[in-house]
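Participant: My structure is below; once you've seen it, I'll send some questions.
The values are calculated or read from the model by the stated rules, or taken from the named source; none is laboratory data. Everything quoted here is computed from the prediction, not taken from an experiment. Ideal geometry is used to build each Cβ from the backbone, glycine not excepted, and the neighbour counts take in all protein chains shown. When the accessible area is computed, the model is the full protein with side chains, heavy atoms only, and any ligands, DNA or RNA have been set aside. Shrake-Rupley method; radii C 1.70, N 1.55, O 1.52, S 1.80 Å.
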Amino acid sequence: QAYQGLVYWPTPIEFGIALGVVGLSFLIFFLGLKLLPLKPADE
């Protein structure tokens, strides 16, 4: 119970890393939508 009452809050560096990871994942997703030949299969 030594840490009772303490609340963890990320540092600005951690916010930046999290924002970068989210931004990179969006970039990869949208580049994939644009560049990959996604067409419905003709049956």
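Participant: When L38 is evaluated against the numbered criteria (1) part of a helix (DSSP H, G or I); (2) in contact with a Gly (Cβ under 9 Å, 6 or more places away or on another chain), which criterion, by number, is the only one it fails?
Facilitator: All conditions pass for L38, except number (1).
Participant: Go through region 5-23 and give me each residue that's within 10 Å of the chain's Cα centre (by Cα) and open to solvent by less than 100 Å² (accessible area, probe 1.4 Å).
Facilitator: A18, G20, V21, V22, G23
Participant: What is the number of the single condition among (1) part of a helix (DSSP H, G or I); (2) touching a helix residue (DSSP H, G or I) at 6+ places or on another chain (Cβ under 8 Å) that P10 does not meet?
Facilitator: With respect to (1) part of a helix (DSSP H, G or I); (2) touching a helix residue (DSSP H, G or I) at 6+ places or on another chain (Cβ under 8 Å), P10 is out only on (1).
Participant: I'm told A2 meets every condition in (1) modelled with pLDDT of 90 or more; (2) open to solvent by less than 100 Å² (accessible area, probe 1.4 Å); (3) of a type in the set (A, V, I, L, M) except one. Can you identify the failing condition by its number?
Facilitator: (1)
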